[in-house]
Amino acid sequence: MLQTLADRITEKYGVVVEVRPVDLADAADRSKLAEELADRNISILCANAGTATFGPVAKLDPADEKAQVQLNVLGVHDLVLAVLPGMVERGAGGILISGSVAGNSPIPNNATYAATKAFVNTFSESLRGELKRAGVNVTVLAPGPVRETLPAEHEQSLVEKLIPDFLWISTEYTAKLSLDALERNKIRVVPGVTSKAMSVATGYAPRAIVSPIVGAVYKKLGGD
């Protein structure tokens with residue numbers, strides 16, 4: 001499936017796409033990819049892989065929670081460490097990392113995800129400060145709900161049932177906004193009405209007020 005998509009991109013845009021089947025939640029797989037990237041001249045790194053779980057941590061599968069940390073945190077950290085020395089040496093490059101407004105505040109019933117995104121947000125913005133004069137751009141992407149355009153008759157997930165259609169944004173729009181922001185070296189890009197509203201709420205409203213409200217929504221996403 002990925003190779004078919006890669007072939008379509010090559011045919012449409014004339015861009016050569018290489019596919020590597022890698023489980024970024026697996027340390028050995030991740031290390032193998034990082035070693036390959038470290039030996040290549042990578043112009044732009046888009047660290048986008050991630051997953052989330054919903055519900056009380058005590059009721060969730062510990063293995064899934066640990067895998068989520070491996071993917072969301074170390075999947076970003078290891079790949080950035082692999083490509084960064086080369087970018088700094090060349091004095092050019094771009095790093096686009098998918099963080100989240102979920103990392104701005106505690107979120108009950110989404111605790112592991114929120115914690116991993118808190119790391120990603122802070123790491124990205126700290127890295128940006130270090131690279132200010134190195135010629136390497138760093139941008140954090142913090143979108144709202146994103147999906148491909150789907151047929152009306154497709155079976156909706158629980159997330160889709162709880163989030164109205166008008167709040168979803170397309171993958172193509174998100175990608176364009178993100179790459180434009182990276183080119184302009186913006187610190188953070190927040191596409192989507194939902195994400196902007198959450199960003200304002202978590203940035204200015206007291207956590208004691210925001211956290212229980214958001215947590216109640218995420219509890220529903222956990223099926224309760």
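Below are the figures for this structure:
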read-out	value
Where a residue in the stretch 122-134 is farther than 19 Å from G103 by Cβ and its partner, wherever it lies, is surrounded by fewer than 16 Cβ atoms within 10 Å (Cβ to Cβ), with Cβ under 7 Å and at least six apart	A134/V88; A134/G91
Residue count for the stretch 114-130, restricted to those that are buried (at least 22 other Cβ atoms within 10 Å of the Cβ) and closer than 15 Å to N48 by Cβ	4
Number of positions in the stretch 61-87 that are open to solvent by 40 Å² or more (accessible area, probe 1.4 Å) and either within 16 Å of I107 (Cβ to Cβ) or in contact (Cβ under 8 Å) with a residue 60 or more places away in the chain (or both)	1
Options T149, T139, T112; residue that is modelled with pLDDT of 95 or more and of a type in the set (S, T, Y)	T112
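The values are calculated or read from the model by the stated rules, or taken from the named source; none is laboratory data. Just so it is clear, the structure is predicted and the values come from calculations on it, not from any experiment. Note that we place each Cβ from the backbone using ideal geometry, even for glycine, and neighbour counts take in every protein chain shown. These area figures cover heavy atoms from the full protein model, side chains too; ligands, DNA and RNA do not enter into them. Shrake-Rupley method; radii C 1.70, N 1.55, O 1.52, S 1.80 Å.
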